1. Using the structure shown, decide if ILE192 is surrounded by 13 or more Cβ atoms within 10 Å (Cβ to Cβ), modelled with pLDDT of 90 or more, β-branched (Val, Ile, Thr) and within 21 Å of PRO259 (Cα to Cα).
2. Given the conditions (1) among the basic types (Lys, Arg); (2) exposed (fewer than 14 other Cβ atoms within 10 Å of the Cβ); (3) assigned to a helix (DSSP H, G or I), and given that LYS158 satisfies all but one, which numbered condition is not satisfied?
3. Applying the selection to the stretch 175-189, what residues are touching a residue at least 40 places away in the same chain (Cβ under 8 Å) and either touching a Leu at 6+ places or on another chain (Cβ under 8 Å) or over 18 Å from LYS91 (Cα atoms) (or both)?
4. Here is a list of conditions, (1) under 21 Å from ILE148 (Cβ atoms); (2) touching a helix residue (DSSP H, G or I) at 6+ places or on another chain (Cβ under 7 Å), and GLU241 meets all of them except one; can you say which number that is?
5. Filter the stretch 118-131 down to the residues that are assigned to a helix (DSSP H, G or I) and either under 19 Å from ASN211 (Cβ atoms) or out of contact with any helix residue (DSSP H, G or I) (no Cβ under 9 Å at 6 or more places or on another chain) (or both) and list them by number.
6. Can you confirm whether PHE168 is at pLDDT below 85, in a loop (DSSP other than H, G, I, E, B) and not aliphatic (A, V, I, L, M)?
Amino acid sequence: MSYSNFKYCPFCGVDISQNQLIKFCPFCGEKLFKNDQKIEKKETDDLPMQDNLVLKTLIVGNNKEYEMNLDQYNRNAEHFIQSEYYSIILKDAPNKQNLIRKLERVLERDYFAIRLAIDNIPNIIIYKAKSDDIIHLSKIFREEQASISIVAGDFNNKPALDEIFHTFNLQEQDIIQHIPRSLWVGDKICGIFSNTYHDNQEGLMIISDKNIYFLPNEIYTPAYRWFVRSYSILSKVIMQENRLEFICKDSTITSIIFPEKKSSLDAYECIENMIQVAK
């Protein structure tokens, strides 16, 4: 067995001890040397498998780039149904007309009723449907890149802000209070990040167990006031320096910029924790 000549793993970028006999990276399991293939396979097979989430750390210049692949996580999430009935809260629909036409084929509601429901985002678009129906309906929302939260059983459709946000300062409170409370139904908030930027607007990034949100500071406008992306429509989350990039399955990319690298890493780890908990 050879000593490692690598300071960092060439595959995932993690630091590698210089004083131990190793043949594969203890973090990602990739072998560092070409010899002893049979023994190497046995040892890597003993490593814990991350079948719901693929994490990579790449070296880009002098910086580390973190990449989270959500494809396998979302494939597993399609089989989450365990309750008798579920509700779907619609948070965003980039192509409303397409979504209306598809829902018109499967819902016992006419075009105008569905159009009214989708025009009044955020709202409860499906209320207490059977689990088999929810599986089919959730696929329609994913196909149209719509962001949703799926809630099992009974729930409070008008939660108090202090039930949702346990800690937030006066500036954050002022922004959040001007957003429809139904936007948070079905979500568990795990992180709030101030002084972030999206599309040249400063605001709050909010991370939940189901969605990524951005609320601009300029809230007194009639325009669509929030950005949201569900994990179910994301393919990857990439962090480099003080930026997070969210890559959707339709290949669209959205960036959120943080005031410093530590904040972006904290947000990345917050998303990672939510994904791991949801396995």
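The values are calculated or read from the model by the stated rules, or taken from the named source; none is laboratory data. Note that the structure is a prediction, hence the values are computed from the model and not measured. Cβ placement follows ideal geometry from the backbone for every residue including glycine, while neighbour counts extend to all protein chains displayed.
1. So ILE192 passes the test.
2. (3)
3. Hits for the stretch 175-189 are ILE175, ILE179.
4. (1) is the only condition that GLU241 fails.
5. To start, the set of residues in the stretch 118-131 that are assigned to a helix (DSSP H, G or I) comprises 118-119, 131.
Once the filter is applied, which keeps residues that are assigned to a helix (DSSP H, G or I) and either under 19 Å from ASN211 (Cβ atoms) or out of contact with any helix residue (DSSP H, G or I) (no Cβ under 9 Å at 6 or more places or on another chain) (or both), the stretch 118-131 yields ILE118, SER131.
6. yes
A quick yes/no check of all residues on (1) within 24 Å of SER235 (Cα to Cα); (2) surrounded by fewer than 18 Cβ atoms within 10 Å (Cβ to Cβ); (3) basic (Lys, Arg):
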| residue | (1), (2), (3) |
| --- | --- |
| TYR111 | no, yes, no |
| LEU116 | no, yes, no |
| LYS128 | no, yes, yes |
| HIS136 | yes, yes, no |
| LYS139 | yes, yes, yes |
| GLN145 | yes, no, no |
